[in-house]
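The values are calculated or read from the model by the stated rules, or taken from the named source; none is laboratory data. Keep in mind it's a predicted model, so treat the numbers as computed, not measured. Here the Cβ positions follow ideal geometry from the backbone for every residue, glycine too, while neighbour counts run over all protein chains shown. With ligands, DNA and RNA removed, areas are computed over all heavy atoms of the protein, side chains included. Shrake-Rupley method; radii C 1.70, N 1.55, O 1.52, S 1.80 Å.
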Amino acid sequence: MLTETTSAATDKIRCDACPVMCYIKPGAAGACDRYANHDGKLVRVDPHVILERTVEHGGKLVPFSRTEDWDGKIVHEPSTFVTAIGAGTTYPDYKPAPFIVSSEIDGVDMVTVVTEGIFSYCGVKVKIDTDRYLGPETATVRAQGEAVGHVTTSEYGSQMLSLGGVHHLTGGSKKEGRVTCDTLMDLANCKAVELTIDGGASVVVQAGQPPIVNGVKEERMRVGCGSATIGMFAKQWHGKVDEVVVVDDHITGVLSEHQAGKLLDIPDTGIKMKGRRSTPGRYFQVADPGTGWGGTNISDPLSILGPFDKKEAKPGLSMLMVSTTGEHSSYYVLDEALNPVETEMPADLKFSVERIQENCEPALCTVLFMAGAGGSLRAGVTDNPVRLTRSVKDALTRVTSGGAPVYVWPGGGITYMVDVTQMPAGAFGYVPTPALVAPIEFTMKLSDYAALGGHMNYVKPLSDVQNGDDVRQVPWQNPIPGPRT
């Protein structure tokens with residue numbers, strides 16, 4: 001429950017959960033839909049979420065010893081964890097966190113400090129498994145026509161986007177801030193969002209689901225670059241085809257020139273590649289980026305070849321051209337003029353293409369929420385916030401978000417990232433400043449909490465929270481470790 005003030009004339013309550021400070025009339029909710037006026041009292045609309053470890057329905061556990069009191073657990077972990085989802089915030093920040101919960105784990109007194117942080121400094125990092133060209137690096141990413149982020153450096157088989165941040169939330173127009181906030185919240189809550197990239201593609205992104213690029217759902221990410229594919233499958237092609245070209249936007253591979261081909265004594269074929277030669281059998285920039293073969297803009301793979309060398313090439317020479325996902329493939333035989341003629345692919349080569357496809361992992365979208373826990377949020381944990389930061393860096397305090405493990409960046413402050421698919425549904429909210437509201441928990445020994453200047457007068461036992469009003473207990477959805485001693 002937050003501090004409330006009532007106007008005698010209107011019976012409205014002023015909410016102080018965020019800087020907007022809404023006046024809420026009876027029976028209505030504030031602008032964020034998180035707090036409401038219920039019979040003259042300010043209440044949190046969403047229930048407070050507590051995670052429970054449960055055995056999956058129908059599952060059976062076999063004891064590994066005849067100890068009579070064995071509870072069926074492989075390792076001892078806390079069975080109940082109080083998340084910050086639905087807990088409320090510390091705003092205006094001089095107040096202690098909404099819940100500071102004590103419990104005993106393996107005979108050690110522990111405390112978990114629980115609060116929903118209001119994050120103006122936050123965003124999401126999006127990994128999109130595709131070789132399709134989404135757009136040039138640094139290109140603006142838009143949602144509903146508004147700039148919400150940019151394309152960043154691509155990684156192995158994936159395109160990367162950086163969305164949100166304080167610049168888009170607060171530094172642009174009011175609409176830009178609102179759309180950015182909506183986009184971040186939907187992505188963090190595992191909802192589908194359509195994004196457009198300046199000079200590039202339209203892509204539908206949803207955490208844990210395949211991306212949809214220009215209306216086409218991706219099925220698989222590439223097995224590797226063209227050179228890596230040559231290395232992996234050279235033995236399977238040896239003796240079945242004279243030449244293999246693996247088309248890739250970044251590094252196109254050529255079997256006869258590649259070191260793998262040399263070690264297998266594959267003779268030169270007289271093939272001539274367009275693009276810039278790197279090391280033997282590896283070519284850069286054979287075509288422009290696009291949504292065709294291997295992430296290039298080509299639909300005809302022969303367009304990346306020059307004339308075969310008459311001194312080395314012979315009529316009847318066979319050649320397989322294939323993309324890094326196996327989605328595209330063609331088989332050719334040189335005619336008397338040394339021109340490649342497309343021919344029906346032999347069964348054993350079809351099998352090798354299928355093997356490439358088999359080794360491609362499913363294409364998915366990954367969304368990592370990233371935020372910085374500022375000094376004001378930390379003040380809800382301790383009256384000396386820098387001690388909390390030091391405690392996290394010294395691994396005395398564990399940070400989680402909705403019970404999910406986070407990665408805390410080195411360096412100053414508490415800047416963390418969390419995989420949103422490991423969090424309970426509906427973990428993120430917003431306030432119309434605009435900013436996102438995200439759960440964050442700090443777990444440590446009770447003695448360490450006292451030493452860092454924690455709000456000891458506000459510590460309450462776990463049983464009080466478990467038995468409180470409007471509490472929702474949900475199972476851990478992923479086999480992730482909870483906070484431990």
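Counted as qualifying within segment 179-267 are the strands (runs of 3 or more DSSP E) with 1 or more residues that are of a type in the set (V, I, T), surrounded by fewer than 21 Cβ atoms within 10 Å (Cβ to Cβ) and under 24 Å from the mean Cα position of the chain (by Cα), namely 193-197, 202-205. In segment 465-485, of all residues being within 14 Å of A87 (Cβ to Cβ) and either part of a loop (DSSP other than H, G, I, E, B) or at pLDDT 85 or above (or both), the one that is most open to solvent (accessible area, probe 1.4 Å) corresponds to D469.
For segment 21-41, the tally of residues that are farther than 22 Å from P96 by Cβ and not small (G, A, S) stands at 9. For segment 203-243, how many residues meet the condition of being farther than 18 Å from K127 by Cα and touching a residue at least 24 places away in the same chain (Cβ under 8 Å)? Number satisfying all stated conditions: 17.
Quick check: is even one residue across segment 288-304 at pLDDT 95 or above and part of a strand (DSSP E or B)? Scanning segment 288-304 turns up no residue that is at pLDDT 95 or above and part of a strand (DSSP E or B). Residue pairs whose Cβ atoms lie under 9 Å apart, sitting 6 or more positions apart in sequence or on different chains, and linking a residue in segment 25-52 that is more than 23 Å from G403 (Cα to Cα) to a partner that is in a strand (DSSP E or B) and open to solvent by 70 Å² or more (accessible area, probe 1.4 Å), are P26/H38; G27/H38; G30/Y23; G40/T6; L42/R14. On inspection, K175 qualifies as of a type outside the set (S, T, N, Q), under 30 Å from G372 (Cβ atoms), open to solvent by 50 Å² or more (accessible area, probe 1.4 Å) and without any contact (Cβ under 8 Å) to a residue 60 or more places away in the chain.
Scanning segment 119-153 for residues that are of a type in the set (A, V, I, L, M, F, W, C) and open to solvent by 40 Å² or more (accessible area, probe 1.4 Å) returns no hits.
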